[in-house]
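Q: Got a structure for you, written out below as structure tokens; questions coming shortly.
All of the numbers you see were taken from the coordinates with simple rules; none came from a lab. Predicted, not measured: the structure shown is a model, and the values here were computed from it. Cβ coordinates were reconstructed from backbone atoms using ideal geometry, including for glycine residues, and neighbour counts include every protein chain displayed.
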Amino acid sequence: MTQPVPRISVPAALALGSAALGAAFASGLFLGRWFPPWRSRREKRLLPPEDSPLWQYLLSRSMREHPVLRSLRLLTLEQPQGDSMMTREQAQLLANLARLIKAKKALDLGTFTGYSALALALALPPAGCVVTCEVDAGPPELGRPLWRQAEEEHKIDLRLKPALETLDELLAAGEAGTFDVAVVDADKENCTAYYERCLQLLRPGGVLAVLSVLCQGEVLQPKPQDKAVQCVRNLNERILRDARVHISLLPLGDGLTLAFKI
Ligand SMILES: C[S@@+](CC[C@H](N)C(=O)[O-])C[C@H]1O[C@@H](n2cnc3c(N)ncnc32)[C@H](O)[C@@H]1O
């Protein structure tokens, strides 16, 4: 005798089907293939890890890092929080943009050991200048011998005080509209104030870069107590609606926003 086949309604069958599909995606198994571990449900990164063969290929076929810049990067990576330095491909992109627009004056918020400052300095003409802002005197002094070795020290104007003070001094000195490039890579709590002041200091056609705008995925759902991530999220919303700039958000490093002043 045949067993009766259990009957289920069409909506229930559809619900079961989509639940099974969801489970397949969630477990990373779909169409018989495992997704690599960085494809977690809460995306932490959008690109393959740096040590993946494809990323290594990309770097090996695109990076033209100056040898002293490379030494500075390797020295920086040995330091505590050395990985807070921007990535080499981000630095190279910003340097290329600076060259493209024939930049002479750049702003760099968050010097650290000066990797971004040196990358920009190398892209500027001999009379060019990078005003770089830092509150901690230690890391820039570690990097300074390499700025000198690259023969770029004279272009790097280190201001050791909170970046907001330096930006206000530049505005008070009548330097609004005179900078070609600005890089925002200091404390996140002040990122909106940095963005607004840098935009005033840039000339039309100038490029404003904001680093780490994805906060390692935390920007999707900031914890209420995480003010830094909340500030970055608010800035991302503001930039999206800002008619004074054209924008791109690139998945390089921890997210890089480029705003082109109109
Ligand atoms: C992400 S690191 C900068 C990395 C650097 N742009 C590079 O690519 O090597 C951030 C730096 O901002 C500095 N910083 C934090 N608060 C600051 C402030 N209020 N004003 C200026 N610099 C600040 C930190 O001391 C730290 O060195």
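Q: Cut-off under 24 Å on the C-alpha distance; same-chain residues fewer than 8 positions from residue 102 excluded. Which lysines are left, in chain and number order?
A: 155, 261
Q: Using the alpha-carbon centroid of each, what span in Å lies between the stretch 113-171 and the stretch 220-262?
A: That distance is 24 Å.
Q: Right, something else. Please report, in Å, the Rg and the Dmax of the stretch 160-262, where both are computed over Cα atoms only.
A: Both quantities, over Cα of the stretch 160-262: 13.5, 40 Å.
Q: When ranked by the protection proxy of mean other Cβ atoms within 10 Å per residue, highest first, what sequence do the peptides 224-237, 106-119, 59-72 form? List each step's numbers first, then the result.
A: Working: 224-237: 15.9, 106-119: 28.0, 59-72: 14.4.
Result, highest mean Cβ count within 10 Å first: 106-119, 224-237, 59-72.
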